[in-house]
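One structure below.
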Amino acid sequence: MRAPLYDANAGRKTTGRLDRGDGVELAWVRLDGRGPMVVFLPGFRSDMTGVKATALAEFCTAGGHAMLRFDYSGHGASGGRFEDGTIGRWTDDALAAIDRLTEGKLVLVGSSMGGWIALLAALARPDRTAALVGIAAAPDFTETLMWQAMTAGQRATLMRDGVLPRPSEYGEPYPITRALIEDGRTRLLLHAPIALDCPVRLLHGQDDPDVPCELSLRIAERVTGRDVQVILVKDGDHRLSRPQDLALLRRTLAPLLGQDGA
């Protein structure tokens, strides 16, 4: 069913800070409009001011669609320390934002780590999730792309000290904590069926140096629903933030929002 053509509040933007309940505040930006509401879930060490998040905000503004974007604790404009973060903590951030700042059906759009959190959020709120879009989605990355890639010496340092600095191509080294790895092991998804029946769209660059595109194929295999599509971009990198990548994202998202085209 096509969404209503008009919403009196469409385009109105509000901002605020949401207390997690422990004194740590999450920064958020909400755009009023018709549903289903788009919720953008950023990646590891990313935030709601990134290229994909702002491009989606522009797309939703132009189409009159509701949208929520926010920063996890320890990220962007939110409070808290990055070193205190885990997959469970950041998923709790997402669920707090969903439960207290949104209503109705949602289309969850997750980038990299945000794809893992989108899957966890959809499993926790299946009645609210109308569809899910993953952009280089990286479930289980703390185990398969971090722990399993460490040398024996690095693992020993992490277990002894509780933290291991990790070089990054995108800036200064960042800390990998023992808590991140151990908590991640309690959130692994790819070892069992992922019980989602909503439409799932997975975009992935075949030149992604950080998250192998085969991971999106594994997600597609594990999701129990039948309406699952994997779209590979032959020359796409991890970020998928070029103009042609953003156009693909809009074309992918539009039908899920009741539009005929982007």
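Below 8 Å between Cα atoms, with a sequence gap of 6+, how large is the relative contact order for region 13-74 in percent?
41
Per q in 0.13, 0.18 Å⁻¹, report the Debye log10 I(q)/I(0) for region 116-216, using one uniform scatterer on each alpha carbon and no solvent.
-0.56, -0.96
Among 153-162, 242-251, what's the highest-first ranking by average C-beta atoms within 10 angstrom per residue?
242-251, 153-162
Per Stokes-Einstein, at 4 °C and 1.567 mPa s, what whole-number D in µm² s⁻¹ belongs to the chain, with the Kirkwood radius over Cα pairs as the hydrodynamic radius? Show your work: numbers first, answer last.
Numbers: Rh = 18.6 Å.
Roughly 70 µm²/s, to the nearest whole number.
List Leu257, Leu123 from most exposed to least, where exposure is judged by having the fewest other Cβ atoms within 10 Å.
Fewest-to-most Cβ neighbours within 10 Å comes out as Leu123, Leu257.
Report the FRET efficiency, 1/(1 + (r/R0)^6), for Met159 and Leu217, where r is their Cβ-Cβ distance and R0 is 30 Å, rounded to 0.05. Working shown, then result.
Details: r = 32 Å, r/R0 = 1.07.
Efficiency for this residue pair is about 0.40.
What FRET efficiency, computed as 1/(1 + (r/R0)^6) with R0 = 22 Å and r the Cβ-Cβ distance, is obtained for Thr15 and Asp99, rounded to the nearest 0.05? It would help to have the intermediate numbers written out before the result.
Details: r = 19 Å, r/R0 = 0.84.
It comes to 0.75.
Looking only at Cα atoms, what is the convex hull volume of region 120-160 per residue, in Å³?
76
Of all alpha-carbon pairs in region 65-138, indicate the percentage at a distance above 16 angstrom.
Value for region 65-138 (Cα pairs over 16 Å): 47 percent.
Name all residues of region 212-238 having a backbone nitrogen under 15 Å from the label point set 7 Å from the Cα of Ala192 along its Cα→Cβ direction, giving them as ranges.
Those under the cut-off are 222-224.
Under 20 Å Cα to Cα from Lys234, which aspartates and glutamates show up? Leave out anything in the same chain fewer than 8 places away.
Partners found: Asp207, Asp208, Asp210, Glu214, Asp245.
Under the 0.36 nm per residue contour assumption, what length would be gained going from the current alpha-carbon distance of Asp235 and Leu123 to full extension?
37.2 nm
Inverting the mean 1/r over all pairs of different Cα atoms, compute the Kirkwood radius of region 95-171 and quote it in Å.
This gives a value of 14.6 Å.
Give me D for region 1-129 in µm² s⁻¹, whole number, from Stokes-Einstein with Rh from the Kirkwood sum over alpha-carbon pairs, 4 °C and 1.567 mPa s.
Values: Rh = 14.5 Å.
Reported coefficient: 89 µm²/s.
Set the Förster distance to 45 Å, then compute FRET efficiency between Glu58 and Thr151 from the Cβ-Cβ distance, nearest 0.05.
Values: r = 43 Å, r/R0 = 0.97.
The value I calculate is 0.55.
Every number here is computed from the coordinates shown, using simple stated rules; none is lab data. Model, not experiment: these values are computed from the prediction. Backbone-built Cβ (ideal geometry, glycine too); neighbour counts: all protein chains shown.
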